[in-house]
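Please read the structure below before turning to the comments.
The values are calculated or read from the model by the stated rules, or taken from the named source; none is laboratory data. Note that this is a predicted model, so its numbers are computed, not measured. Positions of Cβ are generated from backbone atoms using ideal geometry, with glycine treated the same way; all protein chains shown enter the neighbour counts.
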Amino acid sequence: MRDPSAVHGANLPWRAALRAVGGALLLACSAGCSATWEERIAPVQQAFYRGDAQHAAELLAARLADDPDGPDAHVLRLERASALAAADRNAEAAAELVALDDQLEVLDYSDLPVAELAAFLFSANRAPYRASHVERVALNTLNLLNFLALGDWEGAAVEARRVRTLLLQEDIPEERRDASALAWELAGVSLQLAGRAGEADDCFRAAGRPDLRLAPPAGEGSVLVIVQNGKAPVRVQAVYRLLLGNALHRLQVPALVARPSRWKRAVVLLDGGPVAEAPVLLDLSAQLRARYDRDFPSLLAAAAFAAIPRALAGQAVQHEIASHQGDHAHDDLQQALGFLAGFFTEELLAEALPADTRCWTLLPGDVRALRLHVPAGTHDIAVDLLGTQTRRLHWSVTVEPGGFALVNAITALEEAWQPPTEPRTQDLTHQPAGLAALELLEAALPIKAILEQHPHSDKQHP
Amino acid sequence: MRSPVAAALLLPVLLVPACFGPSFSRGSEDPSIDEPALSTRLDKVDLELALAKWNAGLEASPFVKSLGERRPSIAILRIANDSSEHISGSLDSLLNSAETRLVESGQWSVVDNSTLSSDAIIAERLRDLGDEVDDATIAALGKEFGIEYFVNGRVSDVAEKSEDVRRVQYQLFLRVTEVSTKLIRYQATINITKQVED
C-alpha cells in the first residue's frame, strides 16, 4: 500500500508535473491562445450562406474598422469584395479589388524554404496574409465580372489585361500556371465589348474552346449568364502525427477540406424555355486541390519544423520529472508522470499555436458560363440548379440592339452554412507525403541529430 | 499627493496614441511628397511630364507654326485606356490639362470635351472610339460643333510580372486630325515606365 505521506509530501513528482504543464499552459497562452481562422470567419459565412450578403459585408467592414492594417486585413478585404459583389454593390467590390490588386502578395509554398514557411504558417504573431496563385488569378477574374456588371467595358478590359499578364507570368513554368478558360473567355468578352477586337481574338484563342466568343448578330444583344456554383474548399486545422527522431510528434497542418455543392448542373432558360447547360469554365475546387496536394509535403515539413521546439520542450519536462529526486525516484509512476507531463506540454503548446488556415472562403467551387444571343427587349432569364435538390433562380433583363447584359448567379447564397469537417488524425510517417516532408525537413535541418542526440530525448511514443 | 503622481504617470500613456497616429502632409508645403512613385499607375508627375513633352512637340511643329493668327477650333475627343492599369481618372485629368494648355497657348479656339459629351449620340460614339474615328463622327464634329481639328489618342502598355517585380511600360499616343481632309497633321508617342518591387 502506498505511503499516504508520499501523496501529500513535498517530493511528489506530480507536483513537478503540474508545475511543468501549468507553465506550458501559461507559456502557450502568452504565445497567443487565439481562435482559428475558421472560427473567426464563421459568423460571416453564416450570414453569406443564408443569403444575407449585405450583413456579411457589414460584419467584414466592422472587423476591418477595428484593425484596418492588421495581418488579416487583406484576406478580410477579399472576403468583403465577395460579399459586396453578391449584394449587388459591384462598384464598391471593384474598388476594393482594384486597391487590393496593388497590395496583395502571393506566396508559393513549394518555393519557400521550410523555415520561412514555418514562420509564416505557425508564428504566434500572424504574418500579413499572402494569397495563393489561384486566389490571385481569381481576384482579377471576379473583378472583371464586377466591371461587366457595372457596364464599364474599359474597366473590364483593364482587368482582362491584368489577368492575361498573370496567366502568362513568365517566371512560372507553364505546367505550374493556373490555366483558366474562364479568365481567358471573360477577358475576350470584355475586350470585345471595349472595341478591342484584336486583343479579344487573342484571348479567345488562348481559351482553347471559345464558348463565349460570338458577338450577337445585328439587331440582337447578348446576355452572359455566369453561375458561381458551390463553395471553394477551405483550410481547416488538422492534426497529423509524424515520426521525428524516435517519437511520434503532433503536427498541426492546414488541411484543405471540400465543401460539396448541392447542385451538380446549371441549366439556363430563356423566356421559359431551356437553352443549354452552362459548362464549367473554371473549376476552382480542383485547382485549389491540385495546388494543395503539390504543396502538402512542404506544409508537413514546415509543420514538423514548427513542432521541434515543442518536442524539445516536452522532452525537457519529461526528463525533469523522470529524474526528479523524491520518494518515487525512478519508479514506474514517476516515469509515467514524466511521460504524461511531457506529452501534455507538447500538446498544449501545439493547441495554443494553431496553423494558419486563412484563405478566401467565399470563393465559389466552380464557375460556369453561357452567352445567349437575344432579340433586343426585355427577357426572363432563369437558371435551374439540379442536384440533390432543385432550385430555379430568375432575372429580368433588358437588352438594347448590340447591347450586353450580365446575369450573375451565386448559388452559395442558397446553400446554408455548415461547419467544415475536420480531417481525422493520422500517422503520416510511412506515407509518401510524410516521407517527402521528412526529406525536405532533413535538407533544411539535421532533425535526427537534434531530437535523437538531445540529452532529454528518451521519450517514446506510448 | 496621489492624484498628481497618477496624472504624471498617466500623461505619457495618453500622449502615446498621438505619437503613433497617421501624419498628413500638404504638397504646397512639401513638394517632395509628389515625387516618389507609389504604384505603377500614372501619377501627377507622370502626367505633367507627358503633357510637357506633348505640348513642346506640338507647339514646335511645322503644322502649328503654319496656322498663324487664325485660331482654328479644336477639340480633344478621347484618350482611350488600352493599358492594364485603372488609369481612366488620370487620363481624364490629362485630357483636361491638355485642353487648358491649348487655351493658354492662344493658338486655338477650344471646344470643351464636356460639350461634346453632353450630346448623347456623340458621347456614345466617343465611348467606343478606337484609333480610327469613323466618317459619321467626323462629319458630326464638323457640322454640329464647327470643329476643324480634333485630338484623339490612347495609352497602351506592356506589363510584365515576375515573382517580385511588376513593370509597366506605358506608351501615350496622341494625334491631331483635320476634320475637312481627315489627314493626320501631327502625332507623337511618349514613353513612361513604372515599376513596383515587393
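Scanning segment A:102-124 for residues that are under 14 Å from the mean Cα position of the chain (by Cα) and within 10 Å of chain B (Cβ to nearest Cβ), we see that the one that is nearest to A:ALA306 (Cα to Cα) is A:ASP108. When restricted to residues that are buried (at least 22 other Cβ atoms within 10 Å of the Cβ) and over 30 Å from A:GLU105 (Cα atoms), segment A:360-371 contains 1.
With respect to the conditions (1) in contact with a helix residue (DSSP H, G or I) (Cβ under 9 Å, 6 or more places away or on another chain); (2) assigned to a strand (DSSP E or B), A:LEU191 falls short on a single one, namely (2). Applying the criterion of being among the hydrophobic types (A, V, I, L, M, F, W, C) and at the interface with chain B (Cβ under 8 Å from one of its Cβ atoms) to the residues of segment A:158-170, the residue that is surrounded by the most Cβ atoms within 10 Å (Cβ to Cβ) is A:VAL158. Counting residues in segment A:183-191 that are at pLDDT below 90, over 20 Å from A:THR361 (Cα atoms) and β-branched (Val, Ile, Thr) gives zero. Contact map, segment B:68-97: residues that are among the acidic types (Asp, Glu) paired with residues that are at pLDDT 90 or above and part of a helix (DSSP H, G or I), Cβ distance under 7 Å, separation 6+ or inter-chain. Pairs shown: B:GLU85/A:VAL158.
Listed here are the residues, each with its yes/no results for (1) outside any helix (DSSP H, G or I); (2) within 13 Å of chain A (Cβ to nearest Cβ).
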position	(1), (2)
B:SER97	no, no
B:LEU102	no, no
B:ILE121	no, no
B:LEU126	no, yes
B:GLU132	yes, yes
B:ALA139	no, no
B:ILE147	yes, no
B:PHE150	yes, no
B:ASP157	yes, yes
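When segment B:65-95 is examined, which residues are found to be at pLDDT 90 or above, part of a loop (DSSP other than H, G, I, E, B) and away from chain A (no Cβ under 14 Å)? Passing the criteria: B:SER66, B:ARG71, B:PRO72.
In segment B:17-35, which residues are in a helix (DSSP H, G or I) and either surrounded by 10 or more Cβ atoms within 10 Å (Cβ to Cβ) or modelled with pLDDT of 70 or more (or both)? Passing the criteria: B:PRO31, B:SER32, B:ILE33, B:ASP34. Taking the listed residues A:ALA255, A:ALA215, A:ALA232, A:ALA247, the one that is at pLDDT below 80 and crowded, with 21+ Cβ neighbours inside 10 Å is A:ALA247, with no other qualifying.
Among the residues of segment A:181-217, those that are touching a strand residue (DSSP E or B) at 6+ places or on another chain (Cβ under 9 Å), more than 24 Å from B:ARG154 (Cα to Cα) and aliphatic (A, V, I, L, M) comprise A:ALA181, A:LEU182, A:ALA183, A:ALA207, A:LEU212, A:LEU214, A:ALA215. Strands (runs of 3 or more DSSP E) fully within segment A:226-311 that include at least 1 residues being under 25 Å from the mean Cα position of the chain (by Cα): A:231-244, A:247-259, A:263-270, A:280-282. For segment A:129-154, the set of residues classified as closer than 27 Å to A:ALA443 by Cβ and either surrounded by fewer than 16 Cβ atoms within 10 Å (Cβ to Cβ) or not aliphatic (A, V, I, L, M) (or both) consists of A:ARG130, A:SER132, A:HIS133, listed by residue number.
Among residues of segment A:415-435 that are surrounded by 14 or more Cβ atoms within 10 Å (Cβ to Cβ) and of a type in the set (Lys, Arg), none has a beta-carbon under 8 Å from a residue that is modelled with pLDDT of 85 or more and assigned to a loop (DSSP other than H, G, I, E, B) at least six positions away or on a different chain.
Selection of segment B:107-119 for residues being surrounded by 14 or more Cβ atoms within 10 Å (Cβ to Cβ) and either in contact with a strand residue (DSSP E or B) (Cβ under 7 Å, 6 or more places away or on another chain) or outside any loop (DSSP other than H, G, I, E, B) (or both) yields B:TRP108, B:SER109, B:VAL110, B:VAL111, B:ASN113, B:LEU116, B:SER117. Checking each residue in segment A:258-307 for being within 30 Å of A:LEU244 (Cα to Cα), among the basic types (Lys, Arg) and buried (at least 18 other Cβ atoms within 10 Å of the Cβ) picks out only A:ARG291.
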